[in-house]
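Enquirer: I have a structure here, written as structure tokens, and I will follow up with some questions on it.
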Amino acid sequence: MENETVHVLFCSPDAGFSQAIVRALGPGFEIQRTDKFGPGNGPAHEGALDVVLVDLRATSNGNGIEAGLRWLEGITQADLAPPVIVMLAMDDHALSKKAMENGAYDVLGSPPDVVELRLTLRRAGRFRQAENELRQLRSQELGSGRLHELIGPSEAMQQVFALAQKIAPCDVTVLVTGETGTGKELLARAIHRMSARAAHPFLAFSCANLPETLVEDELFGHEKGAFTGALMLRRGRLEMADRGTLFLDEVGDLGLGLQPKLLRVLQERTFERLGGNSPVSVNLRVVCATNQNVAEMVQRGKFREDLYYRLNVVQIHLPALRERRDDIPCLAHHFLQRFAQQFGKKSKRFSRLALQSLEEYNWPGNVRELENVVQRAVVLAEGPNIEVWHLPAIFGKGAEQTRMAHSYEEEVRDFKRRLIVRTLRECGWRKSETARTLGMARNYLHRLINQLQIRDEVDAAVEQLSPRPTPVDRVM
């Protein structure tokens, strides 16, 4: 959106101030002006708008500020609402926070610094464009951005989805690998739903941190009287999953004593309950998952090699969330919508800084951690925006520094560079005229040209414009 026109609705009761701001913004911004805070001046235009700019400077006294905040809240709560930037007359942190809680994208002092206002409007326009792209992505059909409950428009996840769709109809054993919280069970459920066994049970069982005897009883069941307290026959997970799919999570934790029994089930499709002698036949598909390197466990003698090869007919690896950061905005908005609806909250979007904090975090707990963070934020938020202060404290550390150092200063530097180069070009690369046009001393312009590393570009343009000497000039 750097070279595109930003469509702005500017609401200000001060006509003179409004005209001054429109003149100062200059080209690149298409401004619609209104002087009233009313329901017809906001959401009705939102489809054609990129940004709404609200001047609360002139309404800071009396009831005007409350009317402006109510109008702001009405816009931000509407579907497909554009980001709203608020201008305030003074550095009032309480009022700024109230405006942010009512859905403001950003708050600026008034009268604003024109460079900062331009940057903020363009940044909000890019944010609006990204939101529209995410909305389109979420509306795409299966295979484009999601696989049942799994969401991932990134290339890495698209490869996972394609492999899962290919092997789902084939009744083979699948080993799903990946860190904790990446969605291994969701992938197993998706494979089950796309298979011929979809109408039959899907049972999940985790082998992690359980005594071997308990795991054996859970998987194989027991006969009446098999041990003290076995008062009746109990069917295990293997038997209950007959004709369906059994998902064994953390299969790397399965004890060495149980591994031959599981191998027999996979090979013979039969087993005996604890305390029984009669074989029980089952027809099921087994999908296993682990966050461990089972191949290394085989080398260390911690896992049977024959069972590993039997489980590893098809292996699907789910990448960690930090390896597919492109999925974070889509996942975060999905969880936001789900929890806002579940808890009856007004939350509709993440602020720019909140979303940036989510994207830059390392996510050791992967998608499960992201889901919990968004759930917490939705519970704490009162207005339509999820702000940084609604996230855990670790997300706030350095967020302001990142915003000022990485975002603001770099964009100001880039804006200055483009402004000077454009003005030089318009002035025929004459530095004296350029300095007068920009209202700065020529020495300061020279210093900026050096700081912004555009001297080579200026010298090349000047040399190209300079008349070349004729043969007579060379003789002279």
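FYI, it's all coordinate maths here, none of it is from the lab. Small disclaimer: the values here were computed from a predicted structure and weren't measured.
Enquirer: Ignoring solvent entirely, what values of log10 I(q)/I(0) come out of the Debye formula for the range 242-344 at 0.21, 0.25 Å⁻¹ when each Cα is a single scatterer?
Expert: Summing over Cα pairs of the range 242-344 leads to -1.11, -1.38.
Enquirer: Above 30 Å lies some portion of the pair distances; for the range 151-319, what is it as a whole percent of all C-alpha pairs? Kindly include the intermediate steps, with their values, before the conclusion.
Expert: Details: 2345 of 14196 pairs.
Result: 17 percent of Cα pairs exceed 30 Å.
Enquirer: Related question: Cross-link partners among lysines for Lys346, C-alpha distance below 29 Å, same-chain residues fewer than 8 apart left out?
Expert: Candidates past the 8-residue exclusion: Lys36, Lys97, Lys98, Lys397.
Enquirer: Equivalent ellipsoid semi-axes for the range 287-368, as square roots of 5 times the alpha carbon gyration tensor eigenvalues: give them largest first, rounded to whole Å.
Expert: Sorted largest first and rounded, they come to 38, 15, 10 Å.
Enquirer: Starting from the alpha-carbon convex hull of the range 408-465, give the projected area averaged over all orientations, in nm².
Expert: Working: hull surface 14.7 nm².
Answer in nm², one decimal: 3.7.
Enquirer: If you only keep lysine pairs separated by 8 or more in sequence, or across chains, how many in the range 151-319 come under 27 Å at the Cα atoms?
Expert: Numbers: Lys166/Lys184; Lys184/Lys261; Lys184/Lys302; Lys224/Lys261; Lys261/Lys302.
Count of close lysine pairs: 5.
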